[in-house]
Amino acid sequence: MNGYFSSAAGFLIEAVFGLYMLAVLLRLILQFVRADFYNPICQFLVKITNPPIKPLRRIIPGLAGIDMASVLLLVVLQMLKIFLLATAAGVAIALPGLTVMSVGELIALVLNLYMISILIQIILSWVGPGGHNPATALLYYLNEPVMRPARRILPPISGMDLSPILVFLAIGLLKILLVAPILDWGRSLS
């Protein structure tokens, strides 16, 4: 019976923290790529993430165009999420391991976000090419900084844009060569 409660607690922690961290991460990336903040989706993201970010901005300045208050909030939320999941599972975790694992998990979150957003953009280009809605515009802002270099390396061939395959390969390699070692290092420190 106790296993059911810890599984339910783990599910709720993953869901609540995961969704809110996704909103903060999207706000951070869309701010960095200078997306249209009059877009209704951007307005929604700003509204739900402002309560913790506004006070942090008074203390923590931005750095080279990066909203460091959002970055700190993401790290703290990720650390809290891992701590709560470990506590629900009855596992103790040391602070150095928690910190390193949080960084690895956040990098994985960014990579997963790009993988899914590019896949959604590909599907939308097949289903409704040339269609315009707020989500499509944001996907373009989000993905173009990643897709542009890939298109330079692998330009369209006979009208077929194969550059997403190159980006997917790069994301897969980054997960194997960057994220996995960071997570393993974090586990060894715990």
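No value in this document is a laboratory result; all are computed from the given coordinates. Here the structure is a predicted model, which means the values were calculated and not measured. FYI the Cβ positions are ideal-geometry reconstructions off the backbone, even for glycines, and counts take in every protein chain you see.
Things worth noting here:
- Gyration tensor verdict on region 100-190 (Cα atoms; rounded if a/c is under 1.5, prolate if a/b is larger than b/c, oblate otherwise): prolate
- 0 to 90° range, to nearest 10: angle between helix 180-189 axis and the chain longest Cα axis: 10 degrees
- Electrostatic tally near R152: other residues with Cβ closer than 13 Å to its Cβ, Lys and Arg +1, Asp and Glu -1, net 0.
- Candidates V33, V46, V91, ranked by Gaussian network fluctuation over the chain, Cα under 10 Å, top entry: V91
- Estimated dipole of region 1-92 in Debye, rounded to 20 [Cβ of Lys and Arg +1, of Asp and Glu -1, Cα centre]: 280 debye
- Projecting the alpha carbon convex hull of region 1-135 along each direction and taking the average yields 10.5 nm².
- For region 21-33, backbone phi angles converted through the Karplus equation (6.51, -1.76, 1.60; θ = phi - 60°) give residue-by-residue couplings of 5, 4, 5, 5, 5, 4, 4, 4, 5, 5, 5, 5, 8 Hz, Gly and Pro being listed as x.
- The protection proxy used here, the mean number of other Cβ atoms lying within 10 Å of each residue, ranks peptides 145-151, 171-177 as follows, highest first: 145-151, 171-177.
- FRET efficiency for F37 and L119, using Cβ-Cβ distance with R0 set to 22 Å, rounded to 0.05: 0.35
- Relative contact order for the chain, counting Cα pairs under 8 Å that sit 6 or more residues apart, in percent: 26 percent
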